[in-house]
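The values are calculated or read from the model by the stated rules, or taken from the named source; none is laboratory data. Everything numeric in this text was worked out from a predicted model, so none of it was measured. Quick reminder, even Gly has a Cβ in these numbers, built from the backbone with ideal geometry, and neighbours come from all protein chains shown.
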Amino acid sequence: MVNEDSIRALLRHGEALDVEFKGEARKAIPDSAIVAEIVAMANTSGGTLLIGVEDDGTVSGARPRHGTETHPIRVQTMIRNNTVPPIDTRASLIPSGDGVVLAIEVDRMASICATRGGKCLRRVLRGPGDPETVPYYPHEHSVRGSALSDMDFSAHRVAGATWDELDPLEFQRMRGLIPELGGERRLLELPDRELAKALRLVETLEHHLVPTYAGLLLVGRQGALESFLPTHGVRFQVIDQRGDVRANEVFRGPLIMVVEQLMDRFVARNEEREVLVGMVRLPVPDYSPEGYREAVLNALLHRQYAEKHDVYIQWHADHIAIANPGGFPEGITPQNVLTHEPRPRNARLMEACRRVGLVEQVARGVDKIYRGQVSYGRPIPDYSRSDSTGVRLLLRGGGASLEFAALVYEQERAQTPLTLDHILVLNLLLHERRTDADAVARLIQKGMAEARATLESLVERGFVEATGERKGRAYHMASAIYRRLGEPGGYVRAHGIDPLRQEALVLEYVRAHGKVTRGDVMALCSLTEGQAKALLQRLRSKHDEFQLRGAKRGAHYIWASEERQSP
């Protein structure tokens, strides 16, 4: 950060592309003018704004901005709150000459930024020593290229923060997790400062260790988090069936502590039932602890910390809703969240958590969220409410299928575990009874070839049966699986009635009732509209006496010999 010597050097060299003087001899510089200059510098090459210095380099002194004095941290907060995306600066008061200079430093931003009011500005040189702040037009933005979602906010050092903002107790909490979660054990041997360096939770600036936002989030003191990162917060709410909030807790501490507190609330409310598998009692919880934990970690580690909104965890009577500020990283959607390669928004923070063991090495937490739901026979996680402003996940609870959970566990115990794709397909068939390759491709978020391979693998293992030709091939669970699930009648409903029996049923119906409609056939044989139409056409081609009467809504079929015999 700037000091008295560096201020003198800046005054000698005068204004430049990265240096701007703002005198306050006549009147105070408004906040809006400060924000505009900071935006312009951040959009160009960064720089230093010196308030209390006239255009000719004379120090006139900065006026107090907060009553009788100036608080640098409040200046930084003002700038952050009035820029989009929020800009972090380093403000300091430097005595020089006839007064005090308010020096505000800003780094070049990786993305285009603007004032909260929408002004986008940049710095240009009209001539040597003649810098100017000018509008930054959209057609000039292409050279910058980086999107906000690609920035690693967690790698930035915290302006104005010192080593003392980090809590020794949180370092101890972190060390306690490493052996428990399978983190890097060699980290246990390091003292606090060396551990912070190894995890890149600090950066060296002029021989001093300055925390990064990753460091502040993992091991920062709660007071420091509230001062330097007021956007960090998690709300845990319990909402009853009428929509009334029964509990509303707010957590603003370091992440490891917050995760422990959120897991405590989860365990206190997550009820379990049991199913007997051989001699083993298998617990079946309302919600998977592992899936919930991964969902919470995703919300905390991938959120956009520049946004002024909390993470919300809402416990409803039949589901849990988890929402975090900032949409999916670029390229990820609800339709490919299972298969897209990981794109951490806060890479420095994620890497530290990976080394500690808080997140797994391969960063596939979404798989655990899905498996935690479908292994108990519950609906898949629902990301459909997500948009550019936030990721919103819904985990449905309610009654699980104890028999389905037992089936999945039996395969693991027999050393023939089902893959996540296998379980997704079986879970779909449990609820929908029949499916095809198109539906499975959408479900597992992969191509048709992989969908067919998954289905045929289940056929080979005896879990699924197939009917029809390759293009129109339909799949349903095998009779043995329905028996294992305690639903022997489900096989008949899923397998359907064979074509000859369908024809006989329709003929019996028309002879008994005098006529039959397409709707009657759909209900009678559990067919779709297209299947019912094909069956009726097949009967007409086989039997001359099976004839169509009427048209459109009045269309129906009769047995002609019966019509002639009627009075």
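Brief remarks on what is shown
- Applying the criterion of at least 3 residues that are in contact with a helix residue (DSSP H, G or I) (Cβ under 9 Å, 6 or more places away or on another chain) and either among the aromatic types (Phe, Trp, Tyr) or at negative phi (or both) to the helices (runs of 4 or more DSSP H) found wholly in segment 1-94 leaves 31-42, 72-81.
- Subset tally (residues that are within 14 Å of residue 358 (Cα to Cα), in contact with a Gly (Cβ under 7 Å, 6 or more places away or on another chain) and not small (Gly, Ala, Ser)) for segment 171-207: 3
- For residue 241, the conditions (1) crowded, with 19+ Cβ neighbours inside 10 Å; (2) within 29 Å of residue 380 (Cβ to Cβ) are fulfilled apart from (1).
Yes/no per residue for (1) aliphatic (A, V, I, L, M); (2) loosely packed, with under 13 Cβ neighbours inside 10 Å; (3) modelled with pLDDT of 85 or more:
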site: 484; (1), (2), (3): no, no, no
site: 489; (1), (2), (3): no, yes, no
site: 493; (1), (2), (3): no, no, no
site: 496; (1), (2), (3): no, no, no
site: 500; (1), (2), (3): yes, yes, no
site: 507; (1), (2), (3): yes, no, yes
site: 510; (1), (2), (3): yes, no, yes
site: 517; (1), (2), (3): no, no, yes
site: 526; (1), (2), (3): no, no, no
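- Any hit, segment 329-350, residues being hydrophobic (A, V, I, L, M, F, W, C), outside the structural domain of residue 294 (by TED's automatic domain parsing) and in contact with a Leu (Cβ under 9 Å, 6 or more places away or on another chain): no
- For segment 201-214, filtered to residues that are in contact (Cβ under 8 Å) with a residue 60 or more places away in the chain and buried (at least 24 other Cβ atoms within 10 Å of the Cβ), the residue that is nearest to residue 256 (Cα to Cα) is 214.
- The lone exception for residue 275 - which of (1) among the aliphatic types (A, V, I, L, M); (2) in contact (Cβ under 8 Å) with a residue 24 or more places away in the chain; (3) assigned by TED's automatic domain parsing to the domain that holds residue 218 it fails: (3)
- Selection of segment 395-419 for residues being under 30 Å from residue 301 (Cβ atoms) and surrounded by fewer than 18 Cβ atoms within 10 Å (Cβ to Cβ) yields 396, 398, 412, 417, 419.
- Restricting the first member to segment 51-70 and to residues that are closer than 18 Å to residue 2 by Cβ, and the second to residues that are of a type in the set (Lys, Arg) and part of a strand (DSSP E or B), the beta-carbon pairs closer than 8 Å and six or more apart or on different chains are 51/22; 52/22; 53/22.
- Pick from segment 312-334, criterion at pLDDT 90 or above and touching a helix residue (DSSP H, G or I) at 6+ places or on another chain (Cβ under 8 Å), ranking: farthest from residue 288 (Cα to Cα): 324
- Checking residue 133 against (1) without any contact (Cβ under 8 Å) to a residue 12 or more places away in the chain; (2) buried (at least 18 other Cβ atoms within 10 Å of the Cβ); (3) hydroxyl-bearing (Ser, Thr, Tyr), the condition it does not meet: (1)
- Some residue of segment 294-304 being in contact with a Phe, Trp or Tyr (Cβ under 9 Å, 6 or more places away or on another chain) and either among the acidic types (Asp, Glu) or over 23 Å from residue 360 (Cα atoms) (or both): no
- Per-region count, segment 255-274, residues within 17 Å of residue 373 (Cβ to Cβ) and hydrophobic (A, V, I, L, M, F, W, C): 1
- One residue from 116, 108 being more than 16 Å from residue 33 (Cα to Cα) and among the charged types (D, E, K, R): 108
- Every condition in (1) within 21 Å of residue 338 (Cβ to Cβ); (2) within 26 Å of the chain's Cα centre (by Cα); (3) in contact (Cβ under 8 Å) with a residue 24 or more places away in the chain; (4) surrounded by fewer than 21 Cβ atoms within 10 Å (Cβ to Cβ) is met by residue 447 except one, and the failing one is (3).
- Odd one out for residue 23 among (1) crowded, with 19+ Cβ neighbours inside 10 Å; (2) touching a Gly at 6+ places or on another chain (Cβ under 6 Å); (3) over 25 Å from residue 305 (Cβ atoms): (2)
- Residue selected from segment 224-237 under the condition at pLDDT 95 or above and surrounded by fewer than 18 Cβ atoms within 10 Å (Cβ to Cβ), by the criterion farthest from residue 353 (Cα to Cα): 237
- Options 510, 521: the member that is over 23 Å from residue 474 (Cβ atoms), among the aliphatic types (A, V, I, L, M) and outside any loop (DSSP other than H, G, I, E, B): 510
- Selected residue (only one of 341, 330 is farther than 20 Å from residue 397 by Cα and without any contact (Cβ under 8 Å) to a residue 60 or more places away in the chain): 341
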